[in-house]
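These notes are about the structure you will find just below.
None of the figures in this text is laboratory data; all of them are computed from the coordinates on show. As the structure is a computational prediction, the values presented were derived from the model and not from experiment. Heads up, the Cβs are rebuilt from the backbone with ideal geometry, glycines too, and the neighbour counts pull from every protein chain shown.
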Amino acid sequence: MNKQVLIAGGGIGGLAAAIGASRVGWDVRLFEQASQFSEVGAGIQMGPNVVRRLQAWGLQKPLQQVVALPGYLRVRSAMTGGELGAMALGSEAVNRYGAAYATIHRADLHQLLLDALLTYPSVHLNLNQGLDSFSEADGVVTVRTRAGKLIEGDALIAADGVRSQLRQQLLGDGPPRFSGHLAYRALVHQAQLPKRLRAHDVTAWLGPRLHGVQYPVRRGEMQNLVVIIEGAIPGDMATWDHEANLDDLQRALAGSCSELLDLIGHVPEAGGEWRLWPLSARMPVSSSSQMAHGVVALLGDAAHPMLPYLAQGAGMAIEDAAELQRALAMDDLEVSLRLRRYALNRWQRNARVQARSLRNGRIFHATGVMRWGRDLSMRMLGEKLLDLPWLYRGDGSSASSL
Ligand SMILES: Cc1cc2nc3c(=O)[nH]c(=O)nc-3n(C[C@H](O)[C@H](O)[C@H](O)COP(=O)(O)OP(=O)(O)OC[C@H]3O[C@@H](n4cnc5c(N)ncnc54)[C@H](O)[C@@H]3O)c2cc1C
């Protein structure tokens, strides 16, 4: 009889974990608390390290149908509009790292993972079934759903996101902290924007205590926009996704260049809507035991929530899933040892990406002398600073271009 893995969470991490496990012959029972699988409208940047993993799962074709392939990563001053640095992506990324740097609508990534998962026969998806707790005895894990149902499995993967309830039972380290950063996000149809405001590249706009990012998604038909500012949570924002007030955003961007303000102001006219997300984070993972105990392991944001300043949170969840696949395939080992191997092979890379994301936040939002130094080094070193071989090369296999 096949071994059975229970997975909490049907986000990008949970679906990727389910694909990884299915590929090595495990039966999967996935539990999602929401009544349907969905991802809020926004974009995801995927470095070559991530695209390579998806290609190894045979997802090159569906990816090709929905991604955008930006030509450059550009860094511009939010104040003057001037370019501070740039790095070629496109064919250059493929030549350097064996896979493209792609940008994708979250819903498209989620759907293509779900479609891929449904091709495996031994997958049971359970919607509207939040997991409440688990217990473990003699190598068997039993989960309790919020409706009180008990289900047994050989392993439990908690991919239940940044506010993971199962993490609290495993590690008891309290909720993640609010970072003091607020993300305004919007998606617009590029055809609804004047030509001068359409995005073909990934552009990061750096300003004092704020930054913005814009890039194309869905074959370039849509543009994803994110502006991150420093501030307090307005009102009682207990949940993730809120309607945003354009006036507040425009006030926060006062002093920015006219091109950026023009773009921000055009969102409602182009049929888009600004949403506001408070950003949470944790300190970087500090040991493998923070990612697995016995036959229970954490994956994705549940394990290593990070600020999105390296655009790798979902990427690390997908890398986790690829490593989980390798570990689950070690049939000669006890399941607890397989999960230990998974955690040992993942925690340091996740910690490095978390730490680098925190550092990027300080650099992106720099003021005064630090800002001056940043701009100067960006102008002098540009691509050398923007290119991150340790990240994009990763340890993946299966190199090919999109
Ligand atoms: C502004 C912003 C920009 C970003 N940009 C990028 C980017 O460009 N590139 C990138 O790689 N990453 C990016 N990220 C990060 C990325 O969004 C996350 O890292 C990724 O979505 C995490 O996926 P996950 O599956 O681990 O968690 P989630 O997406 O949070 O999924 C968790 C799922 O678990 C479910 N759940 C919760 N509790 C339970 C329970 N008890 N039982 C059952 N189900 C449960 C939830 O309903 C949800 O469906 C960005 C994040 C933000 C905020």
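Quick one: divide the alpha-carbon radius of gyration of the range 2-157 by 2.2 N^0.38 Å and tell me what you get.
Output field value: 1.28.
If you rank VAL143, VAL24, VAL162, VAL51 by fewest surrounding Cβ atoms within 10 Å, what's the result?
Fewest to most other Cβ atoms nearby, the residues stand as VAL24, VAL162, VAL143, VAL51.
Which residue fluctuates most in the GNM of the chain (Cα springs below 10 Å): GLY130, GLY313, GLY58?
Of the options given, GLY58 has the highest mean-square fluctuation.
Scan around GLY10 for amide H atoms under 5 Å from its own, H built in the peptide plane at 1.01 Å from N, and keep only partners 5 or more places away or cross-chain.
Amide H neighbours of GLY10, under 5 Å, 5+ apart: GLN33.
What is the set of long-range amide H partners of TYR309 at a cut-off below 5 Å, with H atoms built 1.01 Å from backbone N?
Those qualifying (amide H under 5 Å, at least 5 residues apart or on another chain) number zero.
Once amide H atoms are built 1.01 Å from N in the peptide plane, which residues 5 or more positions from TRP274, or in another chain, come under 5 Å H to H?
The list, which skips near neighbours in sequence, is ALA244.
Name the shape class, rounded, prolate or oblate, that the alpha-carbon gyration tensor gives for the range 73-116, where a ≥ b ≥ c are the square roots of its eigenvalues, rounded holds for a/c under 1.5, and otherwise prolate holds if a/b is larger than b/c and oblate otherwise.
It is oblate, given that a/c is not under 1.5 and a/b is not larger than b/c.
Can you check what the net charge comes to around ASP138, using other residues whose Cβ is under 13 Å from the Cβ of ASP138 (Lys, Arg +1; Asp, Glu -1)?
For residues surrounding ASP138, the net value is -4.
Starting from the Kirkwood Rh over alpha-carbon pairs, what translational D in µm² s⁻¹ does the range 23-82 have by Stokes-Einstein at 37 °C and 0.692 mPa s?
Result for D is 209 µm²/s.
Rounded to the nearest 0.05, what FRET efficiency is calculated for GLU273 and ARG393 with R0 set to 56 Å and r the Cβ-Cβ distance?
Efficiency computed from Cβ-Cβ geometry: 0.90.
Determine the calculated [θ] at 222 nm for the chain from helices alone, applying -39500 (n - 2.57) to every DSSP H run no shorter than 4 residues and normalising by the residue count; nearest 500 deg cm²/dmol.
It lands at -11000 deg cm²/dmol.
Working only with C-alpha atoms, what are the Rg and Dmax values of the range 166-217, expressed in angstrom?
17.7, 51
What are the semi-axes of the equivalent ellipsoid for the range 186-316, taken as the square roots of 5 times the Cα gyration tensor eigenvalues, largest first, in whole Å?
32, 18, 14
Note down the net charge around HIS200, summing +1 for each Lys or Arg and -1 for each Asp or Glu among other residues with Cβ under 13 Å from its Cβ.
Here the count lands on +3.
When 1/r is averaged over all different Cα pairs and the result inverted, which Kirkwood radius in Å belongs to the chain?
Here the Kirkwood hydrodynamic radius works out to 21.6 Å.
Tally Lys/Arg at +1 and Asp/Glu at -1 over every other residue whose Cβ is under 14 Å from the Cβ of LEU114; what's the total?
With Lys, Arg at +1 and Asp, Glu at -1, the net is -3.
How big is the dipole moment of the chain about its Cα centre under a simple scheme where the beta carbon of each Lys and Arg is +1, that of each Asp and Glu is -1, and everything else is neutral? Debye, nearest 20, please.
Using Cβ point charges on Lys, Arg, Asp and Glu, the chain gives about 920 debye.
Roughly speaking, what is the stretch gain from VAL24 to GLN65, that is 0.36 nm per residue apart minus the C-alpha to C-alpha distance, in nm to one decimal?
12.1 nm
For the range 341-383, what's the radius of gyration and Dmax over Cα atoms, in angstrom?
Rg then Dmax for the range 341-383, in Å: 14.8, 45.
Please return the longest stretch of the chain lacking exposed loop sites, where GluC sites (Glu not before Pro) count only if DSSP places them in a loop and at most 16 other Cβ atoms lie within 10 Å.
My reading of the result: 1-220 is the longest stretch.
Along the positive direction of the dipole of the chain (beta-carbon charges: Lys, Arg +1; Asp, Glu -1; about the Cα centre), which of LEU187, ASN360, ILE229 reaches farthest?
Selected residue: ASN360.
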